[in-house]
Amino acid sequence: MAALTCQEKQPKSRPAVARNATCRSPSISQTCPLAIGPLTLADLDSVIALEAASFPSPWSRATYHSELTRNHRSRYLKVTPATASGAAALPALIAQAGVMLFGAEMHIVTIAVLPTWRGRSIGEWLLLALLAVGRNQGAETATLEVRVSNAVAQRLYHKLNFTQVGYRRRYYPDREDALVLALTDLNAGRVWQPLRERFERLSAAMQRGVDMPG
């Protein structure tokens with residue numbers, strides 16, 4: 001799974017959108033409204049660049065093409081500037097994440113945020129959006145893997161009440177171990193209500209705009 005410095009993922013052999021916002025260049029404004037939407041084939045160039053900036057063993061273009069066109073269990077989301085108007089210097093893709101759906105279980109396979117845009121709760125927002133997508137498709141449990149060394153990602157997952165349910169030795173291509181985490185009972189109001197409220201607060205904040213990299 002993923003990272004935010006959080007970047008890591010499972011090795012591999014509908015969402016809220018901010019509306020009517022204008023993203024301005026850094027010389028005019030230091031904030032940028034963001035939107036969440038579905039990842040598409042048109043995003044592949046940006047996805048591959050994000051992969052290279054995020055992971056020691058990035059997925060290939062062919063892998064993403066297959067995920068988007070052939071894997072009916074997969075759902076991928078992206079974070080972008082809310083509009084491209086007046087924002088030529090801004091990246092087309094700021095973050096992306098994916099999940100696989102298996103009936104009552106969803107497995108989060110990747111989360112990546114551009115290094116210069118980390119520390120703005122973008123990864124948390126995207127993760128909550130994935131949980132909402134999976135829950136709407138009937139998933140009651142979310143699982144993921146995280147590197148044992150990735151304290152930043154682990155803090156986020158524990159903040160959202162993921163708990164450790166397993167341990168996988170030499171899981172990643174560089175042979176680092178992984179923790180297996182799970183969030184259960186997503187259909188229960190006591191579990192979902194605080195997550196939904198957090199998602200709504202973050203969505204409102206992202207629509208207002210986040211600080212841009214200096």
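Values in this text are rule-based calculations from the coordinates and carry no lab data. Since this is a predicted model, take the numbers as computed values, not measurements. Glycine also receives a Cβ, built like all others from the backbone with ideal geometry; neighbour counts cover every protein chain displayed.
Which order do the peptides 98-107, 54-63 come out in when sorted by mean C-beta neighbours inside 10 angstrom, highest first?
On the way: 98-107: 18.6, 54-63: 15.2.
Listed from highest to lowest mean packing, they are 98-107, 54-63.
Name the residue farthest towards the positive end of the dipole of the range 8-211 from the options Q154, A52, L128, assuming +1 on Cβ of Lys and Arg, -1 on Cβ of Asp and Glu, about the Cα centre.
Positive-end residue among those listed: L128.
If I take R0 = 45 Å and measure r between the Cβ atoms of A52 and E105 in this structure, what FRET efficiency does the formula 1/(1 + (r/R0)^6) give, to the nearest 0.05? It would help to have the intermediate numbers written out before the result.
Values: r = 30 Å, r/R0 = 0.67.
My answer for the efficiency is 0.90.
³J(HN,Hα) across the range 121-128 via Karplus (A = 6.51, B = -1.76, C = 1.60, θ = phi - 60°), whole Hz, x for Gly/Pro?
Per-residue couplings from phi come out as 6, 5, x, 5, 4, 5, 4, 5 Hz.
Whose amide H sits under 5 Å from the amide H of M106, counting only residues 5 or more places off or on another chain, with H placed in the peptide plane?
E140, T141, A142, T143
What is the packing order of peptides 133-145, 199-211, taking the mean over residues of other C-beta atoms within 10 Å and listing the highest first? Walk me through the numbers before you get to the answer.
On the way: 133-145: 19.4, 199-211: 16.9.
For the peptides 133-145, 199-211, the packing ranking is 133-145, 199-211.
Consider a paramagnetic label point 7 Å from the Cα of A188 along Cα→Cβ; state which residues of the range 102-120 have an amide N under 14 Å from it.
Nothing falls inside the zone, counting backbone N under 14 Å.
Starting with the highest mean, order 121-131, 66-76 by the number of other Cβ atoms within 10 Å, averaged over the residues of each peptide.
Ranked by mean Cβ neighbours within 10 Å, highest first: 121-131, 66-76.
Treat each spin label as a single point 7 Å out from the Cα along the C-beta direction, and report the R175 to K159 distance in nm.
Spacing of the two 7 Å Cα→Cβ label points: 3.4 nm.
For T31, enumerate residues with amide H under 5 Å from its amide H, sequence gap 5+ or separate chain, H modeled in the peptide plane.
Correct list: M212.
Whole-Hz ³J(HN,Hα) for each residue in the range 104-119, computed from phi via Karplus 6.51 cos²θ - 1.76 cosθ + 1.60 with θ = phi - 60°, x for glycine and proline: what do you get?
7, 10, 10, 10, 7, 9, 7, 9, 9, 10, 3, x, 6, 9, 6, x
Stokes-Einstein at 10 °C, 1.306 mPa s, Kirkwood radius from Cα pairs: D for the range 51-158 in µm² s⁻¹?
The Stokes-Einstein estimate is 106 µm²/s.
Show the residues, 5+ positions off or on another chain, whose built amide H is closer than 5 Å to the amide H of A82.
L34, A35
Taking the alpha carbon gyration tensor of the range 8-211, what are the square roots of 5 times its eigenvalues, largest first, to the nearest whole Å?
On the way: eigenvalues 138, 83, 53 Å².
Ellipsoid half-lengths, sorted descending, are 26, 20, 16 Å.
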